[in-house]
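To keep things clear, I will list the structure first and then write my remarks on it.
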Amino acid sequence: MDIDGSCLCGKVTWQARIDPDHVGICHCTQCQTNGASAFQWAAQVSADNFKLLSGELKAYVKTAESGNQRALSFCPNCGTTIHGGDLDDPQVFSLRMGGCRQRDQLPPKYQIWCRSALPWAEDISAIRKMRTQGSLSTKKIGTGVQEPS
């Protein structure tokens, strides 16, 4: 599947060809911290199938639990994470799906590092929902989704 995306500020744009069956979630604590979320959502993509269209990437090198060094690339302007890969031989990247325009078509097919998963992240279906940001003082509407009052 051909996909494309950008960082939050739009200075970095990219395109890639991925296999939708290789989209997953990582629950490791480093991905939680790096992604500022309960997990990181990414697709595996070979270096040959990823093309940076505009902008330049900056990298942060981290040491994984395995001891391997991984380069995490991001937009130096807005900080949006683009991908992660092996520092010494970056043949396959973990392409972050947050900036992907086709993200609604790419549900995760697997989860890794589940021992680090936050218990509440396993089922969020019962958490109150609002169509927009809303506020804590909301009223219920018929769909079960709440609107700001």
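The values are calculated or read from the model by the stated rules, or taken from the named source; none is laboratory data. Computed from a prediction, not measured in an experiment: that's the story for all the values here. Note: ideal-geometry Cβ built from the backbone for every residue, glycine included; neighbour counts use all protein chains shown. For accessibility, only protein heavy atoms count, side chains too; no ligands or nucleic acids. Shrake-Rupley method; radii C 1.70, N 1.55, O 1.52, S 1.80 Å.
Go through the residues of the range 100-115 one by one and say whether even a single one is at pLDDT 85 or above and farther than 17 Å from Val23 by Cα. Yes, some residue in the range 100-115 is at pLDDT 85 or above and farther than 17 Å from Val23 by Cα.
Only a single criterion out of (1) touching a residue at least 24 places away in the same chain (Cβ under 8 Å); (2) open to solvent by less than 30 Å² (accessible area, probe 1.4 Å); (3) out of contact with any helix residue (DSSP H, G or I) (no Cβ under 6 Å at 6 or more places or on another chain) is not satisfied by Gly98, namely (2).
Residues in the range 78-94 that are outside any strand (DSSP E or B) and modelled with pLDDT of 90 or more: 4 in all. For the range 39-53, a residue qualifies if it is surrounded by fewer than 16 Cβ atoms within 10 Å (Cβ to Cβ) and over 19 Å from Val92 (Cβ atoms), and exactly one does: Leu53.
Scanning the range 10-33 for residues that are touching a strand residue (DSSP E or B) at 6+ places or on another chain (Cβ under 7 Å), open to solvent by less than 60 Å² (accessible area, probe 1.4 Å) and not in a strand (DSSP E or B) yields Val12, Ile18, His27, Cys31. Mind checking which residues of the range 54-77 are open to solvent by less than 50 Å² (accessible area, probe 1.4 Å), assigned to a loop (DSSP other than H, G, I, E, B) and out of contact with any Gly (no Cβ under 8 Å at 6 or more places or on another chain)? Passing the criteria: Gly55, Ala64, Gly67. The residue that is nearest to Gly5 (Cα to Cα), counting only those in the range 78-94 that are open to solvent by less than 50 Å² (accessible area, probe 1.4 Å) and in contact with a Gly (Cβ under 8 Å, 6 or more places away or on another chain), is Ile82. Only one of the numbered conditions (1) open to solvent by less than 70 Å² (accessible area, probe 1.4 Å); (2) on the phi > 0 side of the Ramachandran plot is violated by Cys7, and that is (2).
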